[in-house]
Amino acid sequence: MCDGYGIWGGGASANSTEAILNPSQCMMHNHLPMPSHIMSQEEKMAFEYFKLCTSVDLPGVFNSEFWETFVFQIASTEPAIFHAAIALGAVHRGRRTQESHACSDGTSALDSHGRLVLRQYNKAINHLNVLLNDKNENAVLVALVACMFFVTIEIFRSEYRAAHTHFKNGVRLLHEVNKSESYSLILKNSPYLVDAFKRLHIHAALFGQSSSFLYTIGQSTTGEGQYTIPQNFDTFLKARQHLDKLMNEVYHLSTEIDGFFHAHNYVSEGFVNRKIQLETSLNLWLQAFDISFSSLATQTGHRSILGLHLLRLYHSMMTIMISVSLYPGNEMVYDSYTSDFISIINQSAKLLKLASQELNGITTSDCKVAGTSGFNLIMNSGFIPPFYYAALRCRVPTLRRKAISLLQYAPYKEGLLDGELVAYIARRIMEIEEGGFYENLGIKYNSDSVADFESVAVADIPLIPESRRVHNPSVLLPGCDIKGHSITKSDANYLDLMFGSPSLGGPDRLPGCALREILSFHNRC
């Protein structure tokens, strides 16, 4: 029922050293008791690190009931989740240790936590298999939570393809559970779990790897009532929940229209009506948000202040997305939204500046390492999707380069994405589209010259034609588990790419294994 989980090999050097991290630098956020399992000292330290640091970092600028409360309740009674939490805490601590050494002496410390991670990962899967084989009534819930833990562990290790495989396994299981009358109550009673998968799905959709099922699970099908927006929001959570629902509907509608249009070559009236409803609801949401902003700002801490601004940024992205939804495959339509892209990019720049001030980490370190008050990994809605959307859809050269630069200044992992990796992908897509177009006109752009994030100047220059533009790029994520993977080349152009971390030597190097990847994209010429 929850197949496809692989264990990596490896271990640690006996001579490895680790940085001493002060727990007081991490935020104590709950007072749940330690699980009753007998633990070794290293297990206890890893679980404490998960409790005090990892589960605090993962929500990002938003609160997350899943990571802050839900997983602790399950870990206290389910050994599979308990050991998965230890593994996640260990891999997070190991990453922080490596970064600490990289900052201090310019070299990465060997992973002194590798063996612990491997042992705990094995234990988690063994306990999960026992539950599944015994047909335990909690097996489905535990398996879904374990899926999310395994996704997160692989992302920390930069094994994005393995993480996506775990994610797809979780989505498949969610689908089966939702169809079963005997198990569907699990999803109704675990909304935080479903939300965690849905928010990861936003990142998967950006790379053309969405699941139509996740758009509809848990959604009302009663018609106009599902878009009802209050006149104001009395809590930050309600503002976010309403926008999350609208965002999910916008993604769903855009995907449906695109598929229908390519099958029938027209857009039905039902789609037009849904689009109008969503546009109206997005406008009403913004009105309620503006009315409530001052009140909401007084209720929140440092991270939630950032979250308020991030909600407005997501609203701006959704406004463009719903506006262009009736023009599937038409990349030229985005040129009419230059002012909206300027707004997104300026909001993004100010948000990153505010983040560096509030969290004292994201953009201030010379080696681009978030401190304990910043982020290593966000398993939640964050900065990268709107940055990437602007870099992908805006073809104004100066704006596009600024959006890519913003991605480079978000050097952390977020969901299934990585800021530097996404910046590299966006830059390669830009290079494919432009392909000497501006050089032939005698115009030269320095890709790294967009340092002023406070203002944007848009020159009156020609934009690249439709025949050069990439439509809905589908990116194969980097990783080492590529055996048996097949690629259909019909109706698509392909470009060989070498994915890697620019900080580790540029796009031709990938830690662990040098791997040729393929970026597939549909060219609408």
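Taken together, the values in this text are just the output of simple stated rules run on the coordinates, not laboratory data. Model, not experiment: these values are computed from the prediction. No Cβ is skipped: glycine too gets one built from the backbone with ideal geometry, and neighbour counts run over all protein chains shown.
For the reader, a short list of remarks on this structure follows.
- Peptide ranges 287-296, 40-49, 158-167, 344-353 listed from the most packed, as the mean C-beta count within 10 angstrom indicates: 158-167, 344-353, 40-49, 287-296
- Ordering of 237-250, 432-445 by packing [mean C-beta count within 10 Å, highest first]: 237-250, 432-445
- Scalar couplings 3J(HN,Hα) for segment 431-438, obtained by applying the Karplus form with A = 6.51, B = -1.76, C = 1.60 to θ = phi - 60°, are 5, 5, 5, 6, x, x, 4, 7 Hz; x denotes Gly and Pro.
- Candidate lysines - alpha carbon under 18 Å from residue 238, same-chain residues fewer than 8 apart omitted: 198
- Each residue of segment 195-201 is assigned a 3J(HN,Hα), and the resulting list reads 4, 4, 5, 5, 6, 5, 5 Hz, derived from the Karplus form 6.51 cos²θ - 1.76 cosθ + 1.60 (θ = phi - 60°), x at Gly and Pro.
- Potential extension, residue 258-residue 238 segment - 0.36 nm per residue separation minus Cα distance: 4.2 nm
- Segment 112-175-segment 384-417 distance, computed between alpha-carbon centres (Å): 30
- When the listed pairs 275/350; 168/413; 350/413 are checked against a 22 Å cut-off, the alpha-carbon distance exceeds it for 275/350.
- Extension gain (nm, one decimal) between residue 332 and residue 287, 0.36 nm per residue minus Cα-Cα: 13.2 nm
- Computed packing ranks the peptides 417-429, 463-475 as 417-429, 463-475, most packed first, by mean other Cβ atoms within 10 Å.
- Residue-wise HN-Hα coupling along segment 312-324, computed from phi with Karplus coefficients 6.51, -1.76, 1.60 (Hz; x: Gly, Pro): 5, 5, 5, 4, 4, 5, 5, 4, 5, 4, 6, 5, 8
- FRET efficiency, 1/(1 + (r/R0)^6) with R0 25 Å, evaluated for residue 134 and residue 168 via beta carbons: 0.50
- Mean projection of the Cα convex hull over all viewing directions, computed for segment 219-329: 7.0 nm².
- Whole-Å distance, taken between Cα centres, linking segment 288-334 and segment 420-439: 26
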